[in-house]
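**Student:** Could you have a look at this structure, given as structure tokens, before my questions?
Read-outs throughout are calculated quantities, based only on the coordinates presented, and are distinct from any laboratory measurement. None of the values given here were measured: they were computed from a predicted structure. Using ideal geometry, Cβ is built from the backbone for each residue, glycine included, and neighbour counts are taken over all protein chains shown.
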Amino acid sequence: MSGLVAASYILPLTLIRRERAFPVQGRVLVRQGETVNPQTVVAEADLAPEHVLLNVAAALGVPPQKAASLLQCQEGERLTEGDVIAETPSKLFRKTFRSPASGTVVMLQGGKVLLRKEKDATPLRAVYPGTVVDIVEDRGVVIENTGALVQAAWGNGRSTYGVLRVVADSADAPLTSDRLDVSLRGSILVAGRCTEEEVFALASEISLRGLVLGSIPSRLAGIARKTPFPVLLTEGFGNLPMNAAAFELLGTSDGREASLNAQPYNFHRGTRPEVFLPLPASGQLIPPMPRELAPDDMVRVVSAPHRGEIGYVVRVLSEPHKFPNGIRAAAAVIRFAEEKQAIIPVANLQIIR
Amino acid sequence: MAAIETTSDSLLALDIGAITTRALFFDVVNGQYRFVAAGSAPTTAGAPFHNVLEGAHMAIDDLQRITGRRLLADDATVIIPSLSPGEGVDGMVTTLSAGAPLKTVVIGLLEDVSVASAHRLVKSIHARLVDTFTLSDRRSLETRLDALLRLRPDLVIVTGGTENGASVSVSRLLEPLRLALRLMPPEERPQILFAGNSALQEKISTIFEDTARVWLAPNVRPALDEEQIAAAHTILARALREHYIRRLSGLQELDAWSGGVTMPAATAQGRMVRFLSLDDPSKGVLAVDMGASSITVTAAFQGRQYLGAYTDLGLGPQAAGVTRGDPHATLLPWLTLPLEADTVRDYVFNKTLQPAALPLTEEETAIEYAMARYALHRAAHRLLRDMYAQGTNDTAGVPELFPPVEPIIITGGIFTQTANLGKALLTALDGLQPTGITTILLDRYNLTTALGAAASINPALAVQAMDSTMFIRLGLVVAPISIARPGTPVLKVQLTDNESGETLKGEVKQGGLAVLPLPPGRRGTLRLQPLYRTDIGLGAGRKAAYEVSGSALGIVIDARGRPLRLHKDMARRQEMYKKWLWHLGH
């Protein structure tokens, strides 16, 4: 088995390139080379179009072919509610067919008109400040920037940008509702873990902008999903502290601005939720790439035992290792704090730096 | 079976799974095709590579390291055909289960007739049903049009009309699709598979020829009481190939090296199982692949194939969906350790975030195997339900059970990553609940799938390599069906080792699991005498004697009952599970 290992990066300074694009065709609103801030709308699209099929022929009481000749609109034309779509020529018994809604004529066929109703387009914000280095045709952009990056395990699908406020003295400190007050309004909170349901309700009340935690119990997953601001978990579900590397980076970033993209982990695309803190950098940086595990790599363990612990690779075993429960897998010897060592399956490791 | 000529062609089979890409090498050894070695690497369909070629290169590279054979040229292409001994390969095939399942919409007339058949067709491929339009659909044309534009399906399956039956209704149902295709950008348009009234084929082609890729398949429901899915499945496999070539970077190159033989893994497994089922007309064949992204179960009887590829039952990113709303409540009957609800739910939710991670602790191992047994049971149950719905005679007469099959081939991480063969066997027994007498074979490298694809370019290889000892024989399982009360003797067993002459005798009681060791390479004579009208797959009370081969775990008498009812009390269940594992040598 090739020793290529999954990666979830925690990097104090790196180069990122992030695609911000719709899955459907829309309109790109920025140009290549343009500098964008997190609030910049880079593209817009109609994600849930609504159409209405107007049977003009039936409404006017004429054959379809005749109706086609009476149409006063063209494909692509914008109509407002009440605009005339077709009219019979008779002066005495003139019949007029008007548009029931504002929208765009998308198709004319056999005396019928297909109208796409006018709706506010869904905006796509940049979320990441930086430079547009590429345009994804009709869908979005690729943004590039330098800064610190903390990739995580779970996100509730929302995104924001704001100032980080660290409300935990340690990676293990629980976030309780008594730590929340109005002075935190509009900030992105960083804390170790949270087991209280009330925290989410209170955080919504004081209009928190985001929440970065080590873990929450899975029974709170539904609440976190419905929370109106982004929630991101560095470790996942359970009662685990934030891993030391992430806390070291985020814990010392109080007052710094950060992009919080809590997109859910996508197994097929391999994308992860993350916190990005823009920083100026000099010199050439390249985005991190996955590679084979090697001695001295800093890794995080993603499964018990040692789940959430940070360690360093001592050596990668040349043969699959048989674990006490019968699992046989490619493995590595990992050194944790206080020189404690353990053999961990490669599948349970993530390179973080 | 007719003899098939052996050529000297070697073969590279690439299997791109959701998590792992495998490169398998087959060659002629002593005049017979043999599996030689396997290399593997992580699949690289997702970030940051977004190119399956990377993982393929790494897997082939791993294979080169193991075999010492040079397969990749300096320009990183596979050397085809072989140039000299130890260099290159004569042919290549690719199988695929990576990539997001195809979002599929079904359009058909009647829910219980052609639409039901179309749904079964969807379940036979790596797909996810996102909507169905039928005659009884009360939604307006516009609503259905908007649904198509919002859902952006990859595939639309159109069925309806028996042969010489309805045609006007089918055409009317297609109107939202016709409009949607005109409004979609060309690169977002779904492929269309028409598998309805064949009289409509020309019309369908005409309607959609300018807007979509149309595949025409034989009617899945030629008559109200007749279903034919297999032919449509074959056409659908070709549609899938085209879809993934467009969606997965790097697959086009692999497909070119494979001479166009890129096949969905489920299709390939199905082909091989169907082929194997022709060998013994008295029994069917069953195969299971438990992957991260889906569970595939294939049963075949004299060439009649029943295939279910359940993309919602994979043990990876869908783990939370497998266990539905409450993982603890769902898995409780299958758990063998008393665990808190939070512990179970946390593990299942985290499994969706780290699908490749392996369980190591006693608690996590218990949850993982509970999930596997439950998911396999659901997959088997669904296939059986569909077999029943098709009105086939290939069932055991009991909706929950398969008829006797020989053999059962199991593959997938949950079976192959454990060195504890007893646990692998018990998982298969609990999930599938076979009846009668059957051999359980462990396919460590998913060779069944590779050979299913290989059969299309080298049938001799598929036949000979399958005949060889490429599987681990886990055990010969005897699963009697009896209505006796637990604790009542239901089977007298006698096993004589033909070499040593040593004989083991005993009675197996209802509810028990017993093992008679017969190591691999040894042969023995097994005599079975059912008691109290117990059925070992031959009819109530009928006894039998067999020449049997040895296996890793020996002869396993699974008299725990069919359907299997695990004890409701956790302590008792835990005790029983430990006891069964102990019997199985672990």
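**Student:** Per residue of the protein assembly as shown, what 222 nm ellipticity follows from adding -39500 (n - 2.57) for every DSSP H run with n ≥ 4, rounded to the nearest 500?
**Tutor:** -7000 deg cm²/dmol
**Student:** Obtain the nm distance between the two label points defined at B:GLN32 and B:GLU111 by a simple spin-label model: each point lies 7 Å from its Cα along the Cα-to-C-beta direction.
**Tutor:** 5.4
**Student:** Using the alpha-carbon centroid of each, what span in Å lies between segment A:20-66 and segment A:202-244?
**Tutor:** Measuring centre to centre over Cα atoms gives 35 Å.
**Student:** Can I ask one more? Taking a virtual spin label 7 Å from the Cα of A:THR195 along the C-beta vector, which residues in segment A:211-230 bring their backbone nitrogen under 13 Å of it?
**Tutor:** Label zone hits: A:215-220.
**Student:** Distance from a point 7 Å along Cα→Cβ of A:GLU137 to each backbone N in segment B:171-188: keep the residues under 17 Å and list them by number.
**Tutor:** Zone members listed by number: B:184-188.
**Student:** Ok, one more. For A:LYS322, put the label point 7 Å out on the Cα→Cβ axis and report which residues of segment B:408-430 keep their amide N under 16 Å from it.
**Tutor:** B:416-425
**Student:** Residue by residue through segment B:263-273, what is 3J(HN,Hα) from phi via Karplus (6.51 cos²θ - 1.76 cosθ + 1.60, θ = phi - 60°)? Round to whole Hz and write x for glycine and proline.
**Tutor:** Per residue, the Karplus-derived 3J(HN,Hα) values read 9, x, 4, 5, 4, 5, 4, x, 4, 5, 5 Hz.
**Student:** A further question follows. In whole percent, what relative contact order does chain B give with Cα contacts below 8 Å and a gap of six or more residues?
**Tutor:** Rounded, it is 11 percent for chain B.
**Student:** Expected output is a single nm value to one decimal: the length gained when fully extending between A:LEU285 and A:LYS340, i.e. 0.36 nm times separation in residues minus the C-alpha distance. What is it?
**Tutor:** Extra length available between A:LEU285 and A:LYS340 comes to 16.4 nm.
**Student:** Rounded, prolate or oblate: which one fits the protein assembly as shown, using the alpha carbon gyration tensor with axes a ≥ b ≥ c (rounded when a/c is under 1.5, else prolate when a/b beats b/c, else oblate)?
**Tutor:** It comes out oblate by the Cα gyration axes.
**Student:** In degrees, nearest 10, range 0 to 90: what is the angle between the Cα axis of helix B:52-67 and the longest Cα principal axis of chain B?
**Tutor:** Roughly 40 degrees between the two axes.
**Student:** For chain B, take the longest principal axis of its alpha carbons; what is the angle in degrees between that and the long axis of helix B:114-123, to the nearest 10 within 0 to 90?
**Tutor:** Orientation of helix B:114-123: about 60 degrees from the principal axis.
**Student:** What's the FRET efficiency of A:ALA48 with A:SER207 using the Cβ-Cβ distance as r and R₀ = 25 Å, to the nearest 0.05?
**Tutor:** Calculated value: 0.40.
**Student:** Another question, if that's okay. So what is the relative contact order of chain A, in percent, for Cα pairs below 8 Å that sit 6 or more residues apart?
**Tutor:** Relative contact order comes out at 19 percent.
**Student:** Here is a follow-up. Among the DSSP beta bridges whose two residues both lie in the protein assembly as shown, what percent are antiparallel, rounded to the nearest 5?
**Tutor:** Around 70 percent of the beta bridges assigned by DSSP in the protein assembly as shown are antiparallel ones.
**Student:** Let me ask something else. Just to be sure I understand: of the beta bridges DSSP finds with both ends in segment B:102-247, what percent are antiparallel, rounded to 5?
**Tutor:** 5
**Student:** Name the residue farthest towards the positive end of the dipole of chain B from the options B:SER114, B:VAL515, B:ALA571, assuming +1 on Cβ of Lys and Arg, -1 on Cβ of Asp and Glu, about the Cα centre.
**Tutor:** Value computed over the given set: B:ALA571.
**Student:** Taking the DSSP beta bridges in chain B as the whole, what percent of them are antiparallel, to the nearest 5?
**Tutor:** Bridges in chain B that DSSP calls antiparallel: roughly 60 percent.
**Student:** Okay, next question. Taking chain B as the reference, fit the longest principal axis to its C-alpha atoms, fit the long axis of helix B:341-353 to the helix C-alpha atoms, and give the angle between the two in degrees, 0 to 90, nearest 10.
**Tutor:** Orientation of helix B:341-353: about 50 degrees from the principal axis.
**Student:** Quick one: order A:ILE188, B:ILE204 by neighbouring beta-carbon count within 10 Å, fewest to most.
**Tutor:** Listed from fewest to most nearby Cβ atoms, that is B:ILE204, A:ILE188.
**Student:** Set the Förster distance to 30 Å, then compute FRET efficiency between B:THR503 and B:LEU538 from the Cβ-Cβ distance, nearest 0.05.
**Tutor:** Rounded to the nearest 0.05, the efficiency is 0.85.
**Student:** Please give, to one decimal in nm, the separation of the simple spin-label points placed at B:GLU188 and B:SER167, each 7 Å out from Cα toward the Cβ.
**Tutor:** 3.4
**Student:** At a 10 Å Cβ-Cβ cut-off, how would you order A:TYR128, B:TYR445, fewest neighbours first?
**Tutor:** Ordered from fewest to most neighbouring Cβ atoms within 10 Å, A:TYR128, B:TYR445 come out as B:TYR445, A:TYR128.
**Student:** Another one. Using alpha-carbon positions, what is the distance between the centroids of segment A:167-199 and segment B:97-154, in Å?
**Tutor:** 45
**Student:** Continuing with this model, one more query. Which FRET efficiency, nearest 0.05, do A:THR176 and A:GLN65 yield, Cβ-Cβ r, R0 45 Å?
**Tutor:** The pair A:THR176/A:GLN65 has a calculated efficiency of 0.05.
**Student:** Relative contact order of segment B:475-586: what whole-number percent is it, with Cα pairs under 8 angstrom and at least 6 residues apart?
**Tutor:** Computed value for segment B:475-586: 32 percent relative contact order.
**Student:** While we're on this one: Report, in listed order, any pair from B:LYS423/B:LYS568; B:LYS505/B:LYS578; B:LYS123/B:LYS579; A:LYS95/A:LYS117 with a Cα-Cα distance greater than 32 Å.
**Tutor:** B:LYS123/B:LYS579
**Student:** Same structure again: Sort B:TRP582, B:TRP215 by Cβ crowding within 10 Å, fewest neighbours at the top.
**Tutor:** Arranged by neighbour count, lowest to highest, B:TRP582, B:TRP215 become B:TRP582, B:TRP215.
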